[in-house]
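Following: one structure in structure tokens, then a few remarks.
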Amino acid sequence: MLQTEIILDTLERAGEACADPAPLIYARLFQLRPEFEKLFVMDTDGGVRGSMLETCFTAILGLLENSPTQRVIISSSRFAHGGYGVSEADFELMFIAIRDTFRELIGDAWTPAMEAAWAGLLAEITAVQ
Ligand code: HEM
């Protein structure tokens, strides 16, 4: 399987295991960086978190399709988040939280090929500056 197909497979399997992984993904993010939780205190209905996660998924799909637009969106979001107190290096933690949540949801069916495909995707995201 190609890297793209493997990532899409993990998205599908995680979606089957949990219809709304958003709370798990944010819990994972706040585990990685507890100080990020307070950045979302104004987001009382979860709307910002939902929309941010949707942007992350769109960015992932865009990278898999080699979309230049999604590269620009990642790059500009990385820069813009500095204004919220998220450093350019820490920006990636959101994608790491997504990968870790999927790995947990997929459980025993998570393969070394999935691990490698996600490592490749994360490296690609890091390279988009
Ligand atoms: C550790 C990583 C991240 C943290 C802590 C973080 C934090 C935040 C915070 C606090 C806001 C709300 C800002 C406000 O309205 O005052 C926000 C909004 C947003 N973030 Fe992130 N972010 C992270 C990563 C990302 C990533 C990777 C993307 C996508 C590429 C992204 C996309 C967005 C978008 C699109 C919004 C606006 C959502 C809306 O209001 O509709 N963020 N982020």
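Quick notes on this one:
- Residues considered: PHE40, PHE102, PHE57. Largest GNM mean-square fluctuation over the chain, using C-alpha springs under 10 Å, is found at PHE40.
- Accessible surface of the stretch 51-113, 1.4 Å probe, proportion on carbon and sulfur as whole %: 60
- Computed [θ] at 222 nm, deg cm²/dmol, the chain (DSSP H ≥ 4; -39,500 (n - 2.57); rounded to nearest 500): -22000 deg cm²/dmol
- Taken along its principal axes, the alpha carbon cloud of the chain reaches lengths of 40, 30, 21 Å, longest axis first.
- Loop-exposed GluC sites (Glu not before Pro) per DSSP, neighbour cap 14 Cβ within 10 angstrom, longest uninterrupted part of the chain: 1-64
- The string of couplings for the stretch 10-25 from the Karplus curve (6.51, -1.76, 1.60, θ = phi - 60°) is 5, 4, 5, 5, 5, x, 5, 6, 7, 5, 10, x, 3, x, 5, 5 Hz, one whole number per residue in order, with x for Gly and Pro.
- Modelled spin-label separation between VAL72 and ILE96, with each label point placed 7 Å from Cα along the Cα-to-Cβ direction: 2.9 nm.
- When only Cα pairs below 8 angstrom with a gap of at least 6 residues are kept, the chain shows a relative contact order of 38 percent.
The values are calculated or read from the model by the stated rules, or taken from the named source; none is laboratory data. Predicted model only: the values in this text are computed from it and were never measured. Cβ sites come from the backbone with ideal geometry, for glycine too, and all protein chains shown count toward neighbours. Just so you know, the surface numbers come from the protein's heavy atoms only, side chains and all, with ligands and any DNA or RNA stripped out. Shrake-Rupley method; radii C 1.70, N 1.55, O 1.52, S 1.80 Å.
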